[in-house]
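One structure below.
The values are calculated or read from the model by the stated rules, or taken from the named source; none is laboratory data. Keep in mind the model is a prediction, meaning the values are calculated, not measured. Cβ: placed from backbone, ideal geometry, glycine included. Neighbour counts: every protein chain shown. Only protein heavy atoms, including side chains, enter the accessible area calculation; ligands, DNA and RNA are left aside. Shrake-Rupley method; radii C 1.70, N 1.55, O 1.52, S 1.80 Å.
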Amino acid sequence: MEKQINAKKAAVIGCGFVGSAIAFTLMQSRPFTEFVLLDANFDKADGEAKDIAHGIPFSGQMKIYAGTYDDVADAAIISGNSSGGVHSVDILTYAAVKIGGFPEQRVLGSGTVLDTARLKCVLSEHLRVDSRSVHAFIIGEHGDSEIAAWSSANVSGVPVDDFCEMRGHFNHEEAMDEIAEKVKDSAYEIISKKRATYYGIAMAVKRICECIVRDEKSILPISSIQHGNYGMEGIALSMPAVVGMNGVEAHVPVSLDEEEMELLK
């Protein structure tokens, strides 16, 4: 008999740096009351679960434990991550739909949510403004061909070029190229210094989970299979989408200029 879904239960598959950071971040933000951790090495999952569980008295009562795939069956959200530093989020999203047989809207990858956050961070430093007031997206691939969608970028409704001039910056094209490269290379810089990146992606996954659990209908550049958007058909890429309780509820067509369209294709 199929288990009834537990809306307050989440599972994290893979307990390396990223998976463990995701579990720890979700424990602190408390969108769930039950976590199950899975790993090919059960002791690794068990050790991480026990370590995180020791923080429960500082956060709020919940259940955290290492388990098996049987324990995942009734989880409302399942977070899976791959190792080896391979940018395979789009491939895994596509495979999960085609092989797993899940409804497309319920399968999404973290996509360029983290890359977009990095863009907002760099832009906020450049413009000396709160990053939460920066509205801009990285789209396409989570990787070296990612695209900064400058033509739709703005700061609280003010086009980014106009806001740059308000802050004393006038070499727009040069600055945009420099910022885009800095965002693209940021992961490599961190990896060269500490071998892996995991806090940023953990916060990105937390944000996606919050959107689903709270039915926020926020717009995030998650990875999902495209159907006709910008001429793309049947491939998984990161584009802005409304994310809520049902997963991917709608794709949002942001404005792109001809160069950005060509790069996307």
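Side notes on the structure shown:
- Residues that are at pLDDT 95 or above, at positive phi and assigned to a strand (DSSP E or B), drawn from segment 203-249: GLY247
- Restricting segment 250-262 to residues that are open to solvent by 50 Å² or more (accessible area, probe 1.4 Å) and in a loop (DSSP other than H, G, I, E, B), the residue that is nearest to PRO103 (Cα to Cα) is PRO253.
- Selection within segment 28-37: residues that are surrounded by fewer than 21 Cβ atoms within 10 Å (Cβ to Cβ) and touching a helix residue (DSSP H, G or I) at 6+ places or on another chain (Cβ under 9 Å). The member of this set that is nearest to GLU210 (Cα to Cα) is PRO31.
- Options GLY168, GLY200: the member that is assigned to a loop (DSSP other than H, G, I, E, B), open to solvent by less than 60 Å² (accessible area, probe 1.4 Å) and at pLDDT 95 or above: GLY168
- Neighbours by Cβ (under 7 Å, 6+ apart or cross-chain): first from segment 243-256, under 21 Å from VAL213 (Cα atoms) and without any contact (Cβ under 8 Å) to a residue 60 or more places away in the chain; second open to solvent by less than 70 Å² (accessible area, probe 1.4 Å) and in a loop (DSSP other than H, G, I, E, B): GLY244/ASP215; GLY244/GLU216; MET245/ASP215; HIS251/MET239; VAL252/PRO240
- Test: ILE212 is without any contact (Cβ under 8 Å) to a residue 60 or more places away in the chain, under 15 Å from the mean Cα position of the chain (by Cα) and open to solvent by 30 Å² or more (accessible area, probe 1.4 Å): no
- Residues that are among the polar types (S, T, N, Q) and either open to solvent by 50 Å² or more (accessible area, probe 1.4 Å) or within 28 Å of VAL134 (Cβ to Cβ) (or both), drawn from segment 88-117: THR93, GLN105, SER110, THR112, THR116
- Scanning segment 142-151 for residues being open to solvent by 30 Å² or more (accessible area, probe 1.4 Å), in contact with a Leu (Cβ under 9 Å, 6 or more places away or on another chain) and either polar (S, T, N, Q) or not in a loop (DSSP other than H, G, I, E, B) (or both) gives a total of 2.
- Residue that is in contact (Cβ under 8 Å) with a residue 60 or more places away in the chain and surrounded by fewer than 20 Cβ atoms within 10 Å (Cβ to Cβ), where the choices are LYS8, LYS50: LYS8
- Residues of segment 155-169 classified as hydrophobic (A, V, I, L, M, F, W, C) and more than 17 Å from CYS121 (Cβ to Cβ), total: 2
- Scanning segment 67-85 turns up no residue that is open to solvent by 30 Å² or more (accessible area, probe 1.4 Å), free of Cβ contacts under 8 Å to residues at least 40 places away in the same chain, outside any helix (DSSP H, G or I) and among the aliphatic types (A, V, I, L, M).
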